[in-house]
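A short worksheet on the structure shown next.
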Amino acid sequence: MAAEILKISNVAKAFGAHKVLKDVCFSVGKGEIVGLLGPNGSGKSTLLSVISGFLPADAGSVSFEGREMLGRPAHKVAQEGLMRTFQLPSMPHRMTPRELIAAGARSRLGLKGVLGRAALHGAEVEAVIRRFALDPVADIPASALSGGQKKLLSIAVALQGKPRLLCLDEPTAGVHPNLRARMVDILKEVAASGVTILIVEHDMHFVRGLCDRCVVLDAGAIIADCLPEALTENEQVVEAYLGKAKVGIAA
Ligand code: ADP
Ligand code: MG
């Protein structure tokens, strides 16, 4: 593994008596694309929320580029360069995708960007809209987009903040199959530009095509940390998927 960008150590989280994350430990190397897998309810989204400051942990450490992230609010974690998208992104009623993408770029430019709209490059915004296939919906309220378009838009907006680690929660769920291939290409380009990616994903074809390594959660505990090709040979992983959810991991 390349030099660590993210090190998760002994993270625990309970909701009341329900222990949702149990002593979770794994690392992500700089430039890696790591898949975070596991059956429904295994704690994947909760883990992303803990990493990104949206939920407090009960114990453990989340070290990003050597700095502790636990205890920081989400906006501070994002400012550090660690951003996440949501499984079910909510979008504002009053802003369009074009405005949201431009606003994402403005926040990166800081005060200079907020004060001087001229600092924004319209052509840059156009290129992002085209890249994420949002042309037909660029000027309608973002809340009116389809689920898949909202996923694409939330990735596009997150990227404008120039994260060094991007955590994605089921980005392809609800995305049209034609656009999934484009999503793989986009994420590979993003990774090639130096952004490390931690991605929650169920689609095994997608995982094999994209991820360098996979970490598997089951009932809040890590049961595997392996190459994507090794997943189907791991008995615990196959049992976790086939035994409970009846989801074919080889699909
Ligand atoms: P996954 O993303 O792997 O499907 P989640 O992290 O969403 O799983 O949820 C893991 C478990 O934690 C589930 O049993 C879920 O019901 C529970 N859970 C998630 N969020 C909360 C919450 N805010 N309050 C209580 N229980 C929660
Ligand atoms: Mg989830």
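The values are calculated or read from the model by the stated rules, or taken from the named source; none is laboratory data. Because the structure is predicted, anything quoted here is derived from the model rather than measured. Glycine gets a Cβ as well: all are built from the backbone with ideal geometry, and neighbour counts include every protein chain shown. Heads up: the accessible areas ignore ligands, DNA and RNA and are worked out on the full protein's heavy atoms, side chains in. Shrake-Rupley method; radii C 1.70, N 1.55, O 1.52, S 1.80 Å.
Could you compute the net charge surrounding Gly43? Neighbours are other residues with a C-beta less than 10 Å from the C-beta of Gly43; K and R count +1, D and E count -1.
On the way: positive: Lys13, Lys19, Lys22, Lys44; negative: Asp218.
Neighbourhood net charge equals +3.
Describe numerically, in nm with one decimal, the distance between label points set 7 Å from Cα along Cα→Cβ at Phe15 and at Asp58.
1.4
Report the extension gain between Lys76 and Asp23 in nm, rounded to one decimal, defined as 0.36 nm multiplied by the number of residues separating them, less their alpha carbon distance. Each step should come with its number before you reach the end.
Values: separation 53, 0.36 × 53 = 19.08 nm, distance 2.46 nm.
Extra length available between Lys76 and Asp23 comes to 16.6 nm.
Please work out, to two decimal places, the log10 of the ratio I(q)/I(0) at q = 0.23 Å⁻¹ from a Debye calculation in which every Cα of segment 1-93 carries one identical scatterer.
At q = 0.23 Å⁻¹ the computed log10 ratios are -1.33.
With only alpha-carbon atoms counted, please give the Rg and Dmax of the chain, in Å.
18.2, 57
If r is the Cβ-Cβ distance from Arg208 to Lys30 and R0 is 22 Å, what FRET efficiency results, to the nearest 0.05? Kindly include the intermediate steps, with their values, before the conclusion.
On the way: r = 22 Å, r/R0 = 1.01.
So, using R0 = 22 Å, E works out to roughly 0.50.
Tell me, what is the 1.4 Å probe accessible area of Glu68, in Å² to the nearest 10?
70
Counting Lys and Arg as +1 and Asp and Glu as -1, what is the net charge of the other residues whose Cβ lies under 11 Å from the Cβ of Val207? Display every interim value, and only then the final one.
Numbers: positive: Arg208, Arg213; negative: Glu201, Asp203, Asp212, Glu229.
Neighbour charge sum, excluding Val207 itself: -2.
Just report the Cα centroid separation between segment 122-157 and segment 88-102, whole Å.
8
Heavy atoms only, probe 1.4 Å: what % of the accessible area of the chain goes to carbon and sulfur, would you let me know? Walk me through the numbers before you get to the answer.
On the way: 6460 of 11590 Å².
About 56 percent, which is the carbon plus sulfur part of the accessible surface.
Out of every Cα-Cα pair in segment 142-203, what percent are more than 19 Å apart? Each step should come with its number before you reach the end.
Numbers: 470 of 1891 pairs.
For segment 142-203, the fraction of Cα-Cα distances above 19 Å is 25 percent.
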